[in-house]
Amino acid sequence: MPFRCILELFNFFNRFDELYNLFGHRKSKLIKDLNILRYLRSLEQEESWLRDKRLLTAVEDFGKDLIGVQRLEKKHQRFELELVSHENTIHRLVSQCNTLDICEKSDENISIIQEKCRDVNLSLIELKSNAITRTRLLDESERYQQLSANFQEEDTWLIENFNAILIEENVESLELLQDSLSQFETFSSDFQVSMYSCFLD
């Protein structure tokens, strides 16, 4: 009888150890699957972000006036800061894929994951290129709008002064003649400064 109890107890512990080992194996597989799903979700979030921002950099609105351009430049600068943050995340994810920390080589998921990593990395490179192009185009647009504003200002100044010069006055005294001559000299020097500033900008 005691031998039979010991044997049953031994069998019970063997079954318990077997079940415990199965549980441990199942747990490690579930943890691995969870890590793969988290990894894939992170990749998909980055893919989605890249798609959204690709549309932003493809917009051909560069502002209709100087204030509009400056607003777009500020918005683009915020995007570039956000891009740096996402770039770090994408590099980390690609690095994890390359070191195969998330799955073994025998997994059927590895080719899918590696392809997603390549796609995300290529999308990042394309987005960075588009961001550089957009920065350049916004800078050109700002210079154009600034030049246009300067020309409008100088054009207004020219029209005002042109009308003042066209008015012919009969100068009856020496003081009025000297005053008119002084105004003309001021106009002449202002005109040279104005012309110089138009073509330097």
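Read the figures in this text as sums done on the coordinates, not as results from a lab. Bear in mind the structure is a predicted one, so any value in this text is a computation, not a measurement. Here Cβ is always computed from backbone atoms with ideal geometry, including for glycine, and neighbour counts include all displayed protein chains.
Brief remarks follow.
- Exposure proxy ranking, count of Cβ atoms within 10 Å, fewest first, for 32, 27: 27, 32
- Cα-derived Rg over Rh, computed across segment 2-167 with Rh taken as Kirkwood radius: 1.47
- Residue 128 versus residue 31: modelled label distance in nm, points set 7 Å from Cα along the beta carbon direction: 3.5
- For residue 53, a cut-off of 25 angstrom between C-alpha atoms picks up these lysines, skipping any fewer than 8 places away in its own chain: 64, 74, 75, 116, 128.
- Binned Cα-Cα distances of segment 1-93, short to long, each 5 Å bin given as a whole percent: 3, 10, 11, 12, 9, 8, 7, 6, 5, 5, 5, 4, 4, 3, 3, 2, 2, 1, 1, 0
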